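Note sheet for the following structure.
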Amino acid sequence: QVQLVESGGGLVQAGDSLRLSCAASGHTFSAYVMGWFRQAPGKERETVAAIARSGGSTYYADSVKGRFTISRDNAKNTVYLQMNSLKPEDTGVYFCAADQRAWITSNRDAYHYWGQGTQVTVSS
């Protein structure tokens, strides 16, 4: 089992950048595919990005392609989400999640371990 703690959220203006971090503990981090998800008020949780165990493969939602970058440092047991050119529609609670699987997936329901989330608010 792995425990996840997100950090780095905050209130920013449109066009600004933020970097989210998700620190993992409790198990071999490199055994987990990692994902970032977000949930806006009144909406379902959606997949933002995912990264393979080695970091060699990534997935991005169309809405964030070219603006967000997911990365991981297996030596530090941490996954990151660099968010540039933020828009008001990026506002929401951002969660990281992990699953001990061989292949990257964007399927939210495939992830078994979740952090508590960090709030990102982008003002116009």
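Read-outs: derived from the displayed coordinates by stated rules, not from any lab. What you are looking at is a predicted structure, and each value in this text was computed from that prediction instead of being measured. Every residue, glycine among them, receives a Cβ derived from its backbone with ideal geometry; neighbour counts consider all protein chains shown.
When the GluC sites (Glu not before Pro) in the stretch 5-52 are filtered for DSSP coil states and for at most 15 other beta-carbon atoms within 10 Å of their beta-carbon, the remaining sites are 44.
Across the stretch 63-80, computed HN-Hα scalar couplings (Karplus, 6.51 cos²θ - 1.76 cosθ + 1.60, θ = phi - 60°) run 5, 10, 4, x, 10, 10, 9, 9, 8, 8, 10, 5, 6, 9, 6, 9, 10, 10 Hz from first to last residue, x flagging Gly and Pro. Among the trypsin sites (Lys or Arg not before Pro) in the stretch 5-51, those located in a DSSP loop and surrounded by at most 14 other Cβ atoms within 10 Å of their own Cβ are 43. The loop-placed trypsin sites (Lys or Arg not before Pro) in the stretch 72-124, going by DSSP, that have at most 15 neighbouring Cβ atoms within 10 Å of their Cβ come out as 76, 101. Here the dipole of the chain is about 180 debye; that uses its Cα centre as origin and unit charges on the Cβ of Lys and Arg (positive) and Asp and Glu (negative).
Take the Cβ atoms of residue 1 and residue 123, set R0 to 30 Å, and the FRET efficiency comes out at 0.20. Straight-line cross-link reach from residue 65 at under 25 Å between alpha-carbon atoms covers these lysines, not counting any fewer than eight positions away in the same chain: 43, 87.
Before anything else, pin down the relative contact order of the chain: Cα pairs under 8 Å, at least 6 apart, normalised by residue count, whole percent. Provide the component values of the computation, followed by the final result.
Numbers: 317 pairs, mean separation 45.7, N = 124.
Rounded, it is 37 percent for the chain.
Spin-label model, residue 103 to residue 67: label points 7 Å out along the Cα-to-beta-carbon direction sit 3.0 nm apart. Between residue 23 and residue 57, the simple spin-label model (points 7 angstrom out along Cα→Cβ) gives 3.0 nm.
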